[in-house]
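The values are calculated or read from the model by the stated rules, or taken from the named source; none is laboratory data. Worth saying up front: this structure is predicted, and the values here are computed from it rather than measured. Here the Cβ positions follow ideal geometry from the backbone for every residue, glycine too, while neighbour counts run over all protein chains shown.
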Amino acid sequence: MVQNKDTRTALLLGTEGVKNLKNAHVLVAGCGAVGGFALEALARAGIGKLTIVDFDTFDETNLNRQLFATINTLGKNKTTAVKERLLLINPHLKITEKNIKISSQTMDEIFNEEYNFVIDAIDSVNAKSLFIEEILKRKIPFISAMGAALKTDLSKIKVSSFHKTIECPLAAFVRKKLRQRGVSLKFPVVFSSECVSDKKALAPEKDIETNRRAMGSLVTVTGIFGLMCAHEAILFLTQKE
């Protein structure tokens, strides 16, 4: 048997499954700690086309948990660094970069193509809420990643419906925003039900640019969040239960 990069995938998902992945177009919003692992997993699984959205650049604080952050990519646009690495994995992969900030003004630009699946790996409450509302309005299959920071118990990470999330501050803030806008709370998410009461993992002061306190996080946790998002996308696109 002649083997290639899709051989092991085809053994598990079948040739039809591999074909479905090659014909699929997935949008991933956020190329950081969660989105980075999701993107690499999709590329290695054989997705045919990716659109990646992120306005940020890599800095030294990203090195502890973001897959595409290296000494060589510091200062680089995240979408550019992601594209360069993924093409080294699969040179036939079609990648569209959208180096833009998610807002109500940029939704038409982001959704100017048809997508088979969307992964939301955004960490900003306002942008995340707007993005989820837009996906639901357009009726595109998707999964959203909730907060991975401050978590350490891998056994508490799961896929569930958003309205069932607990012990997740990010989910609580997003839920409030969506309720105010009359948006459905029944959509799939990856979240951790781990109760976190220790505030020692929060930075003492807020960041000047973001007006947020930095939160402690581990690559093992953020990586699993991203891989679980990619896994759900793969199962959906290959129609596996």
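What to note about this one:
- Tally of residues being surrounded by 15 or more Cβ atoms within 10 Å (Cβ to Cβ) and farther than 18 Å from Gly35 by Cβ across segment 111-151: 3
- Enumerated strands (runs of 3 or more DSSP E) restricted to segment 11-128, each holding at least 2 residues that are of a type in the set (A, V, I, L, M, F, W, C): 25-29, 49-53, 117-120
- Screening Lys49 against (1) of a type outside the set (Phe, Trp, Tyr); (2) touching a strand residue (DSSP E or B) at 6+ places or on another chain (Cβ under 8 Å); (3) surrounded by 22 or more Cβ atoms within 10 Å (Cβ to Cβ) leaves a single unmet condition, (3).
- Taking (1) without any contact (Cβ under 8 Å) to a residue 12 or more places away in the chain; (2) under 23 Å from Thr80 (Cβ atoms) in turn, Ser155 satisfies each apart from (2).
- Answer residue from segment 216-235, given it is touching a strand residue (DSSP E or B) at 6+ places or on another chain (Cβ under 6 Å) and closer than 17 Å to Ala43 by Cβ and is surrounded by the fewest Cβ atoms within 10 Å (Cβ to Cβ) among those: Glu232
- Among (1) free of Cβ contacts under 8 Å to residues at least 24 places away in the same chain; (2) within 23 Å of Leu237 (Cα to Cα) - the single one Asp108 does not satisfy: (2)
- Selection within segment 137-171 - closer than 18 Å to Ser217 by Cβ and assigned to a helix (DSSP H, G or I): Leu154, Ser155, Lys156, Pro169, Leu170, Ala171
- Unmet criterion (only one of (1) modelled with pLDDT of 95 or more; (2) farther than 30 Å from Asn116 by Cβ; (3) among the aliphatic types (A, V, I, L, M)) for Met228: (2)
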